[in-house]
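Before anything else, here's the structure in question.
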Amino acid sequence: MDFFTGFRPLLFSYVLINGILITLQTKEEVLLDMKATGGELGWLTWPLEQGDKPGWEVTQRTLNGSQFYTYSVCNVGEREQDNWLRTTFIQRHQSASRVFVELQFIVRDCNSFGGSSLTCKETFNLFTSESDADVGTTFRKGQFKKVATIAPDEITGKNELRINTETRVVENLSRKGFYLAFQDIGACVALLSTRVYYKTCPATVKSLVLFPETVAGGENQGLREVSGACVDNAVSEESPRIYCTVDGDWAVMVGQCQCKPGYEEVKEACQECRPGFFKAAASGDKCEPCPANSEQLDSGALVCPCTDGFYRAPTDPPTGPCSGLPSAPRDLVATTVQLSTGKLLLSWSPPEDTAGRTDVTYSVECQRCEDSVCQLCGEKIRFEPAGTGLTDTKVSVSSLDAHLNYTFTVKAHSGVSMFEAEPRSSRPPSSISLTVSLRYTDPPRITTLRMVERTSASLSLSWDVFPRPRSQSQPIQYKLTYRKKDDNLVATTIIVRILEKNFVHVVDLTPCTAYMCKVQPSAAMAAPEAPKGLSLMSVFLPIPGPLTQNNTAVIFAAAIGGAAMLFIVILVLFLRRRSVKAPLLLSTSLRPVNQSSFTEQLKPLKTYVDPHTYEDPNVAVLKFATEIHPSHITKQKVIGAGEFGEVYRGNLKMPGRKEVAVAIKTLKPGYTEKQRQDFLSEASIMGQFSHQNIIRLEGVVTKFKHAMIVTEYMENGALDRYLKDHDGEFPSFQLVGMMYGIAAGMKYLSDMSYVHRDLAARNILVNNNLECKVSDFGLSRVLEDDPEGTYTTSGGKIPIRWTAPEAIAYRKFTSASDVWSFGIVMWEVMAFGERPYWDMSNHEVMKAINEAFRLPAPMDCPSAVYQLMLQCWLQDRSKRPRFGDIVNLLDKLLRSPDSLKTIADFDPRVSIRLPSTSGSDGSPFRSVSEWLESIKMSQYSENFTCAGVVTMDHVLQMKNEDIKNIGVRLPGHLKRIAYSILGLKDQTSTLSVFAV
Ligand code: AMP
C-alpha cells in the first residue's frame with residue numbers, strides 16, 4: 001500500500017516554512033537535512049527484500065521545481081514486521097556531543113485499515129549507532145541502541161494528512177560519526193523530514209568582550225565556560241568569562257572590558273575621542289569636552305594640557321579646569337594703629353578675580369623703611385594669627401617700632417601660585433602694598449621748658465621737644481622770644497633769637513626784673529595749632545648780691561614746678577586729642593580707660609589669702625614672693641624710715657634682666673622672730689597683687705641675716721608730701737587722674753576681698769609719671785606703724801581721721817570703710833596734702849562726724865568731685881558707692897573735662913588757716929616774708945620785695961591784678977595769696993566744719 005494514496009501534496013510548503021523558523025538566538029549547525037539534500041539520499045533499508053511486502057520505500061516528489069524525497073512503510077496487514085531504515089554516516093562535529101534529531105512524519109490511524117488493524121501499529125522506533133568510520137552497506141541491528149519510540153501526537157485518518165514534528169536528543173556522542181536508524185514494527189508511516197543538528201552559542205561581543213562561537217553543551221551537558229578577549233583598544237583587569245548553555249544561549253558573564261584612555265565605546269567598539277574631547281583613564285565613560293582654559297588637541301586625547309598662563313595645582317585632577325593666578329587683594333587698610341603698643345590691624349578685601357579657585361590664601365610681608373632704605377622686618381615683628389597661609393582677610397601686626405615707616409605687602413595665593421615664577425609680563429600683580437608710618441607726624445612742639453640757672457643778669461633755659469628730631473641731619477630750629485614783663489608793651493623791646501639747640505644762655509638782662517620767655521619750634525616746623533602757653537615762662541631775676549646764689553635753688557624749684565605744670569597741661573591736651581588721634585601711652589592714673597578694657601584689667605584672678613592662715617609664715621612668703629640673692633641688690637640712699645628699719649633707694653640687677661630702680665625695706669638688727677614674720681608678712685600680702693596701681697613687689701631676701709623687701713621705686717615718694725610740695729601746681733583734671741588711679745587700685749583690692757584699713761595719702765606712692773599706687777600692706781601696720789594710729793575704746797589703734805565711724809566704733813572694717821577712707825584721700829588730694837580736719841583733735845573729729853558734720857570742699861574742688869566725697873562719707877555704709885562705682889564716675893569725669901568746671905562752694909575762712917593779721921602766737925605778722933611763710937608761699941618773697949611790697953599794710957592794699965603783676969601766675973597760688981589777704985582783711989579766723 002502506498003502511504004500517500006489519495007492525499008494532496010500541499011503539506012510540503014508548510015514543512016518548508018516551518019523549517020526557516022529554526023534559529024532565534026541560538027545558532028544551529030545542521031549535520032544532516034533530508035530535505036536539503038535535493039536528490040537521492042542513499043539510505044539503507046533492511047531487510048532488502050521481504051517477499052512481496054517491501055520495507056521502507058523511498059518516494060520522490062516535486063515542488064516548485066525542487067525534488068523531495070520521503071521514506072514510507074505501510075505493512076499493516078502483515079505479522080512480525082521489523083523494517084529498518086538507516087541514514088548515511090553522519091560526521092559529528094568535534095565538540096558536538098549532543099545532537100538534536102528533528103523528525104516530521106505522518107502515521108496513519110490503524111482503524112482506517114479495517115480487519116488488518118489487529119497487527120497494525122501506530123509508532124516506530126529511533127535507533128543510533130556510533131562509529132569512527134563509514135561502514136558502508138554493512139548493517140548490524142545489534143550495534144544500534146534505541147533512542148526513543150516515536151509516537152504521533154496527531155494520527156492521520158481517512159481524508160486528511162496530519163504531520164507530526166518530534167525532536168529527540170542523542171547524547172554522549174564521542175566517536176567520529178554515527179548512524180540513525182528507524183525501525184518499523186508494523187505501522188503505516190511516512191518520514192517526511194529528518195534533520196540532525198547541534199546547537200552553538202554564536203560568536204558575540206558583550207561589554208566590549210569578544211566571545212567566539214561555541215558548541216553548546218559540555219561533557220556533562222552543563223554550562224560551558226568560555227573566555228573572551230577585549231575588542232581593539234579596550235582593556236580589562238581580569239579576563240572576562242561567560243557561559244554557553246546547553247540550549248546555545250550565553251549566560252552569566254563575568255568581567256568586562258573598557259575602552260583605554262583616549263577612546264570611548266561606540267556600538268560595542270572603542271573609538272578615538274573626537275578632537276576637543278579627552279578621556280584620561282580606561283573606563284566606561286564617554287570622552288569629555290576639554291575643560292576651561294585647556295588646549296583642544298586632535299582626536300584620541302588623553303588629557304587637555306593647560307593653555308599658556310593657566311595651571312593645574314598638584315592636587316587638582318588632571319581632568320579639571322586650568323586656572324590662572326588670583327589678582328591682587330584689594331582695599332588694604334591699616335586700622336587701630338596703636339603707637340603705644342606698636343600694634344596695628346591690617347585688613348583687605350579678597351581679589352576681584354580668584355581665577356575660579358576656592359583655595360585662595362594670603363601672605364603678608366613686612367618691610368621696614370628708614371630714609372628710603374627698606375629691608376625685611378625680620379622675626380621681631382609678630383603676625384597674629386600668622387604671616388602666611390591666612391584664609392581670613394585680616395591680620396594683626398605687633399612689636400612694630402613706633403619711629404619707622406613700614407611697607408606691608410599682602411599677596412594672594414592659590415594652589416597654582418607655585419607657577420608664578422614663570423616669567424609673564426602680561427600677568428596682573430597678585431599683591432597689594434601699603435606703607436604705614438608709625439611716626440608721630442605732628443609738627444614738633446615744646447613739652448617742657450625749664451630754667452637751668454639764673455643770675456641777676458643772665459638766664460639759662462633748656463627745653464624738651466616732642467617728637468624728638470630723628471637724626472642730626474634734620475635738626476629743629478627754635479625761636480626764643482623774650483621781653484621784660486611789663487604791661488607797657490609798646491615800650492617793651494622784644495628780642496628774638498633763632499637757635500639750633502634746645503638750650504640757651506641769655507645774658508645782659510636787667511636785675512630784679514621779671515622776664516617773659518617763649519620758645520617755639522621755628523615757623524617752618526611749628527604746629528600751627530600749637531597752644532601758645534606751652535612754651536612760655538615767666539622768670540624773675542634777683543637783686544645782685546650774695547642772695548642770688550641762694551635764691552637760685554628756690555627759683556629753680558619754682559621753674560621745675562612750672563615745667564611740671566607744663567607737662568600736665570601737655571598731658572591734658574594729649575588726652576583731648578586722643579579722640580581723634582591714635583592712642584598714645586599715658587600713665588594709668590591719667591588714662592580714662594574704656595569700660596570693657598577697664599574691667600578686664602582690674603578683674604582679679606583670685607581672692608586674697610591671709611598669710612596668717614599659713615601655720616608657718618615663712619612658707620607664705622616663699623609662696624607669694626620671689627627670693628632674691630642679696631648680691632643682686634645695691635643700696636644707694638636712705639629715703640625713709642619704716643616701722644622695722646630704714647627704707648633705701650637702690651638698684652636690683654637680676655641675672656638676664658635689666659637693672660631697675662627699687663625701694664629696699666630693711667629689718668633693723670636685734671629683731672625678734674615675731675617681728676621678722678610681721679615684717680615679711682607685708683611681702684606675703686603684696687606678692688599676691690598685680691595691678692598698675694598697687695605697689696609691685698620685686699622680691700624678698702629671707703635666707704640671709706638681713707631680711708629685705710624689695711619693691712618698685714616710686715620716685716616722687718608719698719602722695720601727701722608730694723602734693724604739699726607742689727601745692728596749687730596741678731589742675732583739677734590732673735588731681736582727678738590721680739584719684740582715678742588710687743580708686744582703680746582699691747577696686748582691685750576690694751575685688752580680691754582685701755580690706756586695706758589704712759588708706760591715706762601718706763600710704764599712696766607716686767612715681768615719675770605721676771602714677772599713684774597703693775602701698776603699706778603690713779599686717780600690724782595699723783597697730784604699730786602708722787603714726788596716725790590712735791587707741792580707741794573698742795581696742796586697737798586706728799587712724800581716726802581716715803576711718804569710717806563703724807570701724808572706729810566696733811572695728812567693722814570692710815571695703816565700705818575703705819571707701820570712707822578713699823573719700824578722705826580725695827579730700828587730701830584736692831587740698832594738696834592738707835591735713836584732714838586740720839588741727840582738730842581726734843576726739844573733736846569723732847564728735848563732729850557723729851553730729852553729721854563733714855569736711856568742707858577744698859578750694860577749687862569741682863562740685864562733682866566733692867559730691868563723690870560726701871557719698872563716701874555716708875553714715876550708712878551700705879549706701880556708700882563701691883570702688884567699681886567710683887572708678888566709673890571718675891572715668892566719666894575725666895572723659896568730659898567740662899564736668900569739672902563747676903566748682904563747689906568754698907569758704908576761705910574754713911580752708912585757709914592763719915587768716916588773721918597775727919602769727920600763730922596771736923601777734924601780728926612782723927613781715928611780709930613771715931606772712932608768706934605762714935601760707936607756704938615764701939617762694940614769692942622776692943617778687944613782693946622787687947615790686948616794693950615790703951609791709952603788711954602794702955599787702956592789705958593789694959588787688960588780684962597786683963598779685964598777678966608781681967609775677968604770681970599759678971592760679972592755685974594766686975588764689976591762696978588772694979584768699980589769705982581776704983582773710984586778713986576780714987579779721988576772722990573761725991574754724992568750722994561744714995554740715996551736710
Ligand atoms: P613705709 O614703711 O612703707 O611707710 O615707708 C616709709 C617711707 O619710705 C615712705 O613714706 C616713703 O617715703 C618711702 N618709701 C617706701 N616705699 C617706697 C617706694 N617703693 N618708693 C619710694 N619711696 C618709698
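The values are calculated or read from the model by the stated rules, or taken from the named source; none is laboratory data. From a predicted model like this one, the values you see are computed outputs, not experimental measurements. Using ideal geometry, Cβ is built from the backbone for each residue, glycine included, and neighbour counts are taken over all protein chains shown. Note: areas computed on protein heavy atoms with side chains; ligands, DNA, RNA excluded. Shrake-Rupley method; radii C 1.70, N 1.55, O 1.52, S 1.80 Å.
Considering only residues of region 131-164 that are charged (D, E, K, R) and touching a Ser or Thr at 6+ places or on another chain (Cβ under 7 Å), which is nearest to Phe100 (Cα to Cα)? Steps first, please.
Taking region 131-164 first, the residues charged (D, E, K, R) are 132, 134, 140-141, 145-146, 153-154, 158, 160, 162.
Checking which are touching a Ser or Thr at 6+ places or on another chain (Cβ under 7 Å) leaves us with 145, 158, 162.
Values: Lys145: 16, Lys158: 32, Arg162: 22 Å.
The qualifying residue nearest to Phe100 (Cα to Cα) is Lys145.
Moving on to the next point. From the residues in region 458-485 that are modelled with pLDDT under 75 and assigned to a strand (DSSP E or B), which one is surrounded by the most Cβ atoms within 10 Å (Cβ to Cβ)?
Among them, the one singled out is Val465.
Of all residues in region 611-635 being free of Cβ contacts under 8 Å to residues at least 60 places away in the same chain and acidic (Asp, Glu), which is most open to solvent (accessible area, probe 1.4 Å)?
Top of the filtered list is Glu615.
On to the next question. Find the residue count for region 329-348, including only residues that are open to solvent by 50 Å² or more (accessible area, probe 1.4 Å), part of a strand (DSSP E or B) and modelled with pLDDT under 85.
Matching residues across region 329-348 total 4.
Okay, moving on. Name every residue in region 140-158 that is farther than 13 Å from Asn125 by Cβ and either touching a residue at least 40 places away in the same chain (Cβ under 8 Å) or of a type in the set (Lys, Arg) (or both), in order of residue number.
Arg140, Pro152, Ile155, Thr156, Gly157, Lys158
List every residue pair whose Cβ atoms lie under 7 Å apart, where the two residues are 6 or more positions apart in sequence or sit on different chains, the first residue falls within region 290-308 and is on the phi > 0 side of the Ramachandran plot, and the second residue, located anywhere, is of a type outside the set (Gly, Ala, Ser) and assigned to a loop (DSSP other than H, G, I, E, B).
Asn293/Thr307; Asn293/Phe310; Asn293/Pro321; Asn293/Cys322; Gly300/Cys273
Any idea how many residues of region 82-104 are open to solvent by less than 20 Å² (accessible area, probe 1.4 Å) and among the polar types (S, T, N, Q)?
Result for region 82-104: 3.
Test Glu659 against the stated conditions and say whether it is closer than 25 Å to Thr613 by Cα and modelled with pLDDT under 95.
Working: closer than 25 Å to Thr613 by Cα: no; modelled with pLDDT under 95: yes.
It is false that Glu659 is closer than 25 Å to Thr613 by Cα and modelled with pLDDT under 95.
Looking at region 244-288, which of its residues are of a type in the set (Phe, Trp, Tyr) and either touching a helix residue (DSSP H, G or I) at 6+ places or on another chain (Cβ under 7 Å) or over 19 Å from Val231 (Cα atoms) (or both)?
Phe277, Phe278, listed by residue number.
Which residue pairs have Cβ atoms closer than 6 Å, lie 6 or more positions apart in sequence or on different chains, and pair a first residue in region 346-360 that is aliphatic (A, V, I, L, M) with a second residue that is in a loop (DSSP other than H, G, I, E, B)?
Close Cβ pairs (under 6 Å, with a partner that is in a loop (DSSP other than H, G, I, E, B)) amount to Ala355/Gly324; Ala355/Pro326; Val360/Pro326; Val360/Thr354; Val360/Ser414.
Continuing with the same structure: Restricting to region 926-951, what's the tally of residues that are part of a loop (DSSP other than H, G, I, E, B), under 24 Å from Lys484 (Cα atoms) and open to solvent by 60 Å² or more (accessible area, probe 1.4 Å)?
1
Here's another thing I want to ask about it. What's the number of the condition Gly737 fails, among (1) under 19 Å from Ile824 (Cα atoms); (2) crowded, with 23+ Cβ neighbours inside 10 Å; (3) modelled with pLDDT of 95 or more?
(3)
Let me ask another. Quick test for you: out of Tyr722, Tyr648, pick the one residue that is aromatic (Phe, Trp, Tyr), free of Cβ contacts under 8 Å to residues at least 24 places away in the same chain and either within 12 Å of the ligand (Cβ to nearest atom) or farther than 16 Å from Gly778 by Cα (or both).
Answer to the selection: Tyr648.
Next up: Take the conditions near the ligand (Cβ under 9 Å from one of its atoms) and either open to solvent by 10 Å² or more (accessible area, probe 1.4 Å) or in a loop (DSSP other than H, G, I, E, B) (or both) and apply them to Leu759. Does it pass?
Numbers: near the ligand (Cβ under 9 Å from one of its atoms): no; either open to solvent by 10 Å² or more (accessible area, probe 1.4 Å) or in a loop (DSSP other than H, G, I, E, B) (or both): yes.
The answer is no for Leu759.
Moving to a separate point now. Across region 952-965, what is the total count of residues that are in contact (Cβ under 8 Å) with a residue 24 or more places away in the chain, surrounded by 14 or more Cβ atoms within 10 Å (Cβ to Cβ) and within 17 Å of Phe925 (Cα to Cα)?
3
Yes or no: Ala641 open to solvent by 50 Å² or more (accessible area, probe 1.4 Å), within 10 Å of the ligand (Cβ to nearest atom) and of a type outside the set (Val, Ile, Thr)?
Details: open to solvent by 50 Å² or more (accessible area, probe 1.4 Å): yes; within 10 Å of the ligand (Cβ to nearest atom): yes; of a type outside the set (Val, Ile, Thr): yes.
In short, yes.
Further question on the same structure: Give Asp401, Asp392 a once-over and let me know the one that is at pLDDT 90 or above, among the acidic types (Asp, Glu) and open to solvent by 30 Å² or more (accessible area, probe 1.4 Å).
On the way: Asp401 fails: at pLDDT 90 or above.
Exactly one residue qualifies, and that residue is Asp392.
Take the residues of region 690-713 that are within 14 Å of the ligand (Cβ to nearest atom) and open to solvent by 10 Å² or more (accessible area, probe 1.4 Å): which is nearest to Pro611 (Cα to Cα)?
Here the answer is Leu697.
Restricting region 234-277 to residues that are small (Gly, Ala, Ser) and outside any strand (DSSP E or B), which is surrounded by the fewest Cβ atoms within 10 Å (Cβ to Cβ)?
Ser239
Looking only at residues that are outside any strand (DSSP E or B) and open to solvent by 40 Å² or more (accessible area, probe 1.4 Å) in region 223-233, which one is farthest from Thr200 (Cα to Cα)?
The initial filter retains those residues of region 223-233 that are outside any strand (DSSP E or B), namely 223, 228, 231-233.
Restricting the remaining residues to those that are open to solvent by 40 Å² or more (accessible area, probe 1.4 Å) gives 223, 232-233.
Working: Leu223: 12, Asp232: 25, Asn233: 28 Å.
Result: Asn233.
Can I ask one more? Mind listing whichever residues of region 941-957 are in contact with a Cys (Cβ under 8 Å, 6 or more places away or on another chain) and within 12 Å of Ile981 (Cβ to Cβ)?
Hits for region 941-957: nothing passes.
Separate question: List pairs: first in region 370-381 and part of a loop (DSSP other than H, G, I, E, B), second modelled with pLDDT under 80, Cβ under 8 Å, 6+ apart or cross-chain?
Here the result reads Asp371/Ser471, each pair linking region 370-381 to a residue that is modelled with pLDDT under 80.
What number of residues within region 656-680 satisfy the criterion of being away from the ligand (no atom under 13 Å from the Cβ) and either within 21 Å of Pro617 (Cβ to Cβ) or more than 41 Å from the chain's Cα centre (by Cα) (or both)? If you could, list the steps in order and put the result at the bottom.
First pass over region 656-680, keeping only residues away from the ligand (no atom under 13 Å from the Cβ): 656-659, 669-677, 680.
With the extra rule that they be either within 21 Å of Pro617 (Cβ to Cβ) or more than 41 Å from the chain's Cα centre (by Cα) (or both), the set shrinks to 669-677, 680.
The number of residues fulfilling the criteria is 10.
For region 165-215, which fully contained strands (runs of 3 or more DSSP E) count at least 1 residues that are farther than 25 Å from Trp46 by Cα and open to solvent by 20 Å² or more (accessible area, probe 1.4 Å)?
Because the criterion is at least 1 residues that are farther than 25 Å from Trp46 by Cα and open to solvent by 20 Å² or more (accessible area, probe 1.4 Å), the strands (runs of 3 or more DSSP E) in region 165-215 that meet it are 188-201, 204-206, 209-211.
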